[in-house]
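Trainee: Sharing a structure here in structure tokens format.
The values are calculated or read from the model by the stated rules, or taken from the named source; none is laboratory data. Not measured: the values here are computed from a predicted model. With ideal geometry, Cβ positions are generated from the backbone for all residues, glycine too; neighbour counts draw on all protein chains shown.
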Amino acid sequence: MKFNCLREEFLSCVSIAQKAIGIRNVDSVLEGVHIETTQEGLKIKCTNLDIQIETLLPATVAEEGACLIPGRLLYELLKRLPGKEMTFILNEKSATLLSDDAKTSIQILDEEAFPNLPQSGDGPSFSIAQNTFKDLIRKTAYAAATDETKPILTGILIELKKEYLNMVGLDGYRLAINKANIDFNNQEYNVVVPAKTINDIAKILDDEDEPVNIVFTKNQIFLENKKTRIIARLLEGEYLKYEQILPKEYKTRVKVDVIKLKQAIELASLMAREGGTNLVKLSIADDRIEITSNAETGNVYEKVPCYIEGSAIDIAFNARYILDAIKNIDDATVYMDFNTNVSPCLIRPVDGNLFVSLILPVRIVG
């Protein structure tokens, strides 16, 4: 096996593929980058058995073949090799990389032991702009659970309807829902994708309108754009009936500027962390929100103008939870709907209904 390519392009492809390499692998084969010659150039792929990422590298192939190379070492070498162009030569037990006056050799792994996830999907399929899919992920994945108490909540629910796609994240303390219009000509279909997988997908997709093609099977999700293909396992189990959590009415509604609210809560959160509770209190009355936080080392007070419909209310939240929701809103103003100081707060843009966030408050003692 022998080929020539641009070093930066090789580095970029390895960087994409190795997002599928796990942090702690018992089998060294799962730490490898698989390189194989094809008619289009080279196919570079990695897997941890839960996700497999393949990407294409333009190259001039002199000798065909395939090999498996330790991924992180290859990546670090490619970052540091000089020169724009490089030559890769596969020997019996090692691979040689030549670039300008530099030469380095890497011991190869057992290529035949590399596991391949199933390569075809025959379930429901649709296409969506890559930047739209990334935006859906950004606005929901933060709300997924990070512990394994309820494994299904460590995933992101994707609901396919005839005219739109719904993406949902939920961890028991907060909920995020985002919607995008799509053309889906199948029956309604639901899957749950691990949040780590969905975040890796977001890092790989481009910030452009070019579509990504997505196929679901019973156990897997397949995504493919011009140069990259991702195959990942789905989570098994039934997701929570999140619609039942959403309040149907409110006693207090606040209309507030997103940037002013975000800046005030960011300031208050600094002292909240010092206090060890990460708690910020919102006192809503007289067309303003008074935001406070306290610690032994000091306190923060700030007020944000707003429009209030309904009765006054005092309520407290985990600062990180409310900040995560606000930071992922692109609109200039939002509604915050309340009922009591122990019931959920619903946050949504003033214009449109594509995004909804729900946060449980923290009970105020005294």
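Trainee: Search region 350-366 for residues being within 21 Å of Ser283 (Cα to Cα) and either without any contact (Cβ under 8 Å) to a residue 60 or more places away in the chain or of a type in the set (Phe, Trp, Tyr) (or both), and hand back the single one that is surrounded by the most Cβ atoms within 10 Å (Cβ to Cβ).
Mentor: Only one residue tops the list, namely Pro361.
Trainee: Further, regarding this structure: Could you identify the single residue in Gln52, Gln119, Gln18 that is in a helix (DSSP H, G or I) and at pLDDT below 95?
Mentor: Working: Gln52 fails: in a helix (DSSP H, G or I); Gln119 fails: in a helix (DSSP H, G or I).
After applying the criteria, what remains is Gln18.
Trainee: Moving on to the next point. Just to check your reading of the model, which residue among Thr104, Thr146 is surrounded by fewer than 17 Cβ atoms within 10 Å (Cβ to Cβ) and either in the same structural domain as Leu81 (by TED's automatic domain parsing) or basic (Lys, Arg) (or both)?
Mentor: Thr104
Trainee: Given the conditions (1) modelled with pLDDT under 95; (2) surrounded by fewer than 15 Cβ atoms within 10 Å (Cβ to Cβ), report the number of the one that Thr47 does not fulfil.
Mentor: Condition not satisfied by Thr47: (2).
Trainee: When the residues of region 317-361 are narrowed to those that are within 17 Å of Asn166 (Cβ to Cβ) and either within 17 Å of the chain's Cα centre (by Cα) or among the aromatic types (Phe, Trp, Tyr) (or both), which ends up modelled with the highest pLDDT?
Mentor: Selected residue: Ser357.
Trainee: Hey, can you tell me all the residues within region 26-43 that are β-branched (Val, Ile, Thr), surrounded by fewer than 23 Cβ atoms within 10 Å (Cβ to Cβ) and assigned to a strand (DSSP E or B)?
Mentor: Thr37, Thr38
Trainee: Would a scan of region 325-333 turn up a residue that is part of a strand (DSSP E or B) and not assigned by TED's automatic domain parsing to the domain that holds Ala141? Write out each step before concluding.
Mentor: Taking region 325-333 as the starting set, the residues that turn out to be part of a strand (DSSP E or B) are 333.
Within this subset, residues satisfying the condition of being not assigned by TED's automatic domain parsing to the domain that holds Ala141 are 333.
The answer is yes, given that some residue of region 325-333 is part of a strand (DSSP E or B) and not assigned by TED's automatic domain parsing to the domain that holds Ala141.
Trainee: Additional query: Output the residue which, of all residues in region 310-324 that are aliphatic (A, V, I, L, M) and not in a strand (DSSP E or B), is farthest from Ile137 (Cα to Cα).
Mentor: So the residue we want is Ala312.
Trainee: Checking the condition more than 22 Å from Thr55 (Cβ to Cβ), assigned by TED's automatic domain parsing to the domain that holds Ala129, crowded, with 18+ Cβ neighbours inside 10 Å and without any contact (Cβ under 8 Å) to a residue 24 or more places away in the chain, which residue from Asn178, Asn166, Asn219 passes?
Mentor: Asn166
Trainee: Of the conditions (1) among the acidic types (Asp, Glu); (2) over 23 Å from Asp207 (Cα atoms); (3) surrounded by 15 or more Cβ atoms within 10 Å (Cβ to Cβ), Asp135 clears all except one; give me its number.
Mentor: Only one criterion in (1) among the acidic types (Asp, Glu); (2) over 23 Å from Asp207 (Cα atoms); (3) surrounded by 15 or more Cβ atoms within 10 Å (Cβ to Cβ) is unmet by Asp135, namely (2).
Trainee: In a helix (DSSP H, G or I) and in contact (Cβ under 8 Å) with a residue 60 or more places away in the chain: does that describe Leu261? If you could, list the steps in order and put the result at the bottom.
Mentor: Working: in a helix (DSSP H, G or I): yes; in contact (Cβ under 8 Å) with a residue 60 or more places away in the chain: yes.
Yes.
Trainee: Only one of Glu9, Glu31 is modelled with pLDDT of 95 or more, in contact with a strand residue (DSSP E or B) (Cβ under 8 Å, 6 or more places away or on another chain) and not assigned by TED's automatic domain parsing to the domain that holds Val212. Can you tell me which?
Mentor: Glu9
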